[in-house]
Amino acid sequence: MIAALSSEWLKIRTTRTFFWLLTALFALITLIVVAGIATRHKQDISSARDQLDILGIGSLALFIALIMGLVISTGEFRHSTITPTLLATPSRTSVVIAKALAGSFFAVVLVGLAEALVTLELLIVLPAKGVDFALQGGPAARFIGWTLIAAALWGALGSGLGLVIRNQIGAVVACFAWLIIVENLIIAILRTHAIDSRAGRFLPDQATGAIMRTGGHNPDLLSHLGGAFTLGGWVALATFAALVLLSRRDVS
Amino acid sequence: MIAVEDLRKRYGKTQAVDGLSFTVEPGRVVGFLGPNGAGKTTTLRVLLGLVHANSGQATILGKKYSQLEHPFCQVGAVLEASGFHPGRKARNHLRVLARAGHAPEKRVDEVLAKVGLEEAANKRVGGYSLGMRQRLALASALLGDPGVLILDEPANGLDPEGIRWLRDFLRSLAAEGRSVLISSHVLAEVEQTVDEVVIINKGKLVAHSSMEELKRGVEERVRVLSPQTKQLEKKLAEAGFAVSADGNALLVTGASCAQVGELAAKSSLVLHELTPLAAQLEDVFLELTSREPK
């Protein structure tokens with residue numbers, strides 16, 4: 001398992017996809033943070049709460065982590081590298097788990113770097129605007145901690161879904177269609193038909209929202225821990241489906 | 001040892017492998033032959049645990065591939081020349097496999113040198129020619145320094161220079177005492193390399209014999225050109241060889257070049273051409289694979 005994991009991590013580091021995604025993400029984050037601070041009044045960015053919202057921009061990296069998780073798995077089928085992968089690691093369980101762990105680890109590194117970048121930009125841009133940095137202490141650390149947990153789960157979710165869907169473009173389109181359209185549609189249907197107006201809390205994106213929530217009690221969201229367990233359940237489901245399908249399918 | 005026992009695999013309505021059985025003894029180089037669609041690739045993929053058989057067994061060294069202790073270091077395989085990420089450098093491709101397969105990373109440079117890719121090791125595989133990809137695939141198979149090699153049509157798409165290189169390379173692997181199972185749909189590609197052949201058609205075994213046995217069924221033929229055609233023809237006929245005309249030349253059946261040359265020398269006849277014709281072995285192969293399997 002350690003050999004398979006080490007190999008997966010080396011795979012991520014030895015193609016340019018990782019660096020292009022990282023560069024694009026950092027450029028986008030910098031643009032949003034700098035433009036956001038530059039266009040807001042001083043009083044709108046002075047409180048710890050306001051600055052925590054800006055720190056939340058770093059969580060954009062979650063989407064890149066999901067894409068990278070998908071790429072880790074679908075790339076094997078796109079480039080037919082699944083054959084040498086399974087020759088070197090014949091245990092399909094090991095391959096699935098190694099990919100999930102590599103996706104998680106990559107996501108944590110990526111989101112950690114993104115949050116560090118936003119913090120650095122706040123430290124540089126806020127004083128230039130005459131505003132004190134107000135994010136010392138617990139709330140920011142807790143937010144980053146929960147965001148890293150969400151990142152780990154999204155990376156693993158991406159790699160699991162990638163092994164299930166296999167087609168790279170199809171997998172990316174399906175995931176974003178789910179996040180942008182399908183999940184919201186399900187929540188709307190649940191509310192409209194009053195089946196259970198709060199059942200939507202258990203959907204993946206809502207569970208992620210619960211993990212990273214910064215405000216007080218919100219009846220439409222689970223607790224931090226509840227969100228983490230729920231999203232963990234989705235990851236377990238995707239990983240199990242990946243394991244069953246990869247074990248049963250022929251690689252030809 | 002490689003053992004295939006009553007192996008069957010069906011894809012939808014197509015019976016790709018149909019009760020196939022054969023064994024490959026240690027240290028032998030065996031050609032696994034058959035026309036396109038005969039079931040060669042499916043059989044090799046079942047052997048390597050990539051495809052699930054419907055019934056029967058395929059084992060290497062007495063175990064299924066996935067049950068071997070260090071499969072990557074015991075069995076090397078080349079299944080296709082397309083299993084590379086185009087954006088990854090060749091050296092990194094091999095490092096990835098070495099890590100996963102428990103092969104020492106120092107082997108990466110050794111196998112790159114062995115297949116003649118040292119200078120292109122830091123190029124991305126997307127820029128490789130088909131021949132270079134085949135060499136890289138062979139390097140991947142050799143990473144774990146395995147005693148058994150399974151190669152699926154390694155000459156596919158190679159130019160004549162590449163085919164010659166591959167033939168020499170396979171000979172060197174055989175000389176190192178490795179067991180090699182090499183599939184091909186062209187007998188001529190492997191006939192100079194293999195000790196024996198397993199020939200299949202429509203998923204069934206049609207022949208399993210040594211090259212000597214296969215060649216025994218083939219009469220030697222020689223094309224000979226002489227300015228004294230009539231005298232030469234007479235001498236050859238007197239010696240008991242079957243002779244027929246081939247344009248200005250003669251086709252001599254059942255004689256070797258040495259026999260025809262010696263006969264001409266004894267009779268003081270001038271020769272302008274003396275060519276052995278190897279095409280008949282291919283004819284035997286085509287005849288075997290065109291038969292309806294039992």
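The values are calculated or read from the model by the stated rules, or taken from the named source; none is laboratory data. Model, not experiment: these values are computed from the prediction. Positions of Cβ are generated from backbone atoms using ideal geometry, with glycine treated the same way; all protein chains shown enter the neighbour counts. Keep in mind that these areas ignore ligands, DNA and RNA; they rest on the heavy atoms of the full protein, side chains included. Shrake-Rupley method; radii C 1.70, N 1.55, O 1.52, S 1.80 Å.
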Classify segment B:104-201: rounded, prolate or oblate, from the alpha-carbon gyration tensor (a ≥ b ≥ c, eigenvalue square roots; a/c under 1.5 rounded; otherwise prolate if a/b is larger than b/c)?
oblate
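Just list whichever of A:Lys11/A:Lys99; B:Lys13/B:Lys204; B:Lys64/B:Lys106; B:Lys40/B:Lys123 have alpha carbons separated by over 21 Å in the model shown.
On the way: A:Lys11/A:Lys99 10 Å; B:Lys13/B:Lys204 16 Å; B:Lys64/B:Lys106 28 Å; B:Lys40/B:Lys123 32 Å.
B:Lys64/B:Lys106; B:Lys40/B:Lys123, as the Cα separations exceed 21 Å there.
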For B:Lys202, which aspartates and glutamates qualify as cross-link partners when the Cα separation must be under 13 Å and same-chain residues fewer than eight apart are set aside?
B:Asp18, B:Glu292
Any idea what angle helix A:138-165 forms with the longest principal axis of chain A, computed on alpha-carbon atoms, 0 to 90 degrees, nearest 10?
30 degrees
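In whole percent, how big is the carbon plus sulfur part of the accessible area of the protein assembly as shown, probe 1.4 Å, protein atoms only?
Details: 14150 of 24500 Å².
Whole-percent figure for carbon plus sulfur exposure: 58.
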Give me the distance in nm between label points sitting 7 Å out from Cα along the Cα-to-Cβ direction at B:Arg8 and B:Lys64, one decimal.
1.8 nm
Return the residues of segment A:204-252 for which accessible area with all protein chains present is lower than in the chain on its own by 50 Å² or more; set the probe to 1.4 Å and exclude ligands, DNA and RNA.
A:Asp250
Computed over chain A, protein heavy atoms only, probe 1.4 angstrom, the accessible area per residue in square angstrom equals 44 Å²
FRET efficiency (B:Gln231, B:Asn36; Cβ distance; R0 30 Å; to 0.05) is 0.05
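Could you compute how much accessible area chains A and B hide from each other, both sides summed, with a 1.4 Å probe? Nearest 100 Å² is fine.
Values: alone 12490 and 14510 Å², together 24500 Å².
Looking at A and B, the buried total is near 2500 Å².
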Using only Cα atoms, find the angle between the long axis of helix B:229-238 and the longest principal axis of chain B, and express it within 0 to 90 degrees, rounded to the nearest 10.
80 degrees
Using a 1.4 Å probe and ignoring any ligands, DNA or RNA, find the accessible area of B:Ile2 and quote it in Å² to the nearest 10.
10 Å²
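Give me the dipole magnitude in Debye, nearest 20, for chain B about the Cα centre, with unit charges on the beta carbon: positive for Lys and Arg, negative for Asp and Glu.
Numbers: 37 positive and 35 negative charges, 220 e Å.
Here chain B has a charge dipole of around 1060 debye.
Dipole of the protein assembly as shown, Cα-centred, from +1 at each Lys and Arg C-beta and -1 at each Asp and Glu C-beta, to the nearest 20 debye? Display every interim value, and only then the final one.
Values: 55 positive and 48 negative charges, 228 e Å.
Using Cβ point charges on Lys, Arg, Asp and Glu, the protein assembly as shown gives about 1100 debye.
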Selected from B:Gln228, B:Leu271, B:Gly247, residue furthest toward positive end of dipole (segment B:221-282; charges at beta carbon):
B:Gln228
Members of segment A:86-104 that become less accessible by 50 Å² or more once partner protein chains are added (1.4 angstrom probe, chain alone as reference):
A:Leu87, A:Ala88, A:Pro90
May I ask you to list the lysines whose Cα is less than 18 Å away from that of B:Lys266, ignoring any residue fewer than eight positions away on the same chain?
B:Lys230, B:Lys234, B:Lys235
C-alpha center-to-center spacing [segment B:9-67, segment A:1-68] in angstrom
48 Å
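In Å², and per residue, what accessible area does chain B have when probed at 1.4 Å with the other protein chains present?
On the way: 13330 Å² over 294 residues.
For chain B, the per-residue accessible area is 45 Å².
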Angle, helix B:130-142 long axis vs. longest principal axis of chain B, Cα atoms, 0 to 90°, nearest 10?
60 degrees
FRET efficiency for B:His208 and B:Asn248, using Cβ-Cβ distance with R0 set to 30 Å, rounded to 0.05
0.10
Shape call for segment B:221-282, from the Cα gyration tensor axes a ≥ b ≥ c (a/c under 1.5 means rounded, otherwise prolate when a/b beats b/c, else oblate), comes out prolate
Could I have the simple spin-label model distance between B:Glu25 and A:Ile180, label points 7 Å from Cα toward Cβ, reported in nm to one decimal?
6.6 nm
Where a ≥ b ≥ c are root eigenvalues of the Cα gyration tensor, a/c under 1.5 meaning rounded, otherwise prolate if a/b exceeds b/c and oblate otherwise, segment A:2-248 counts as oblate
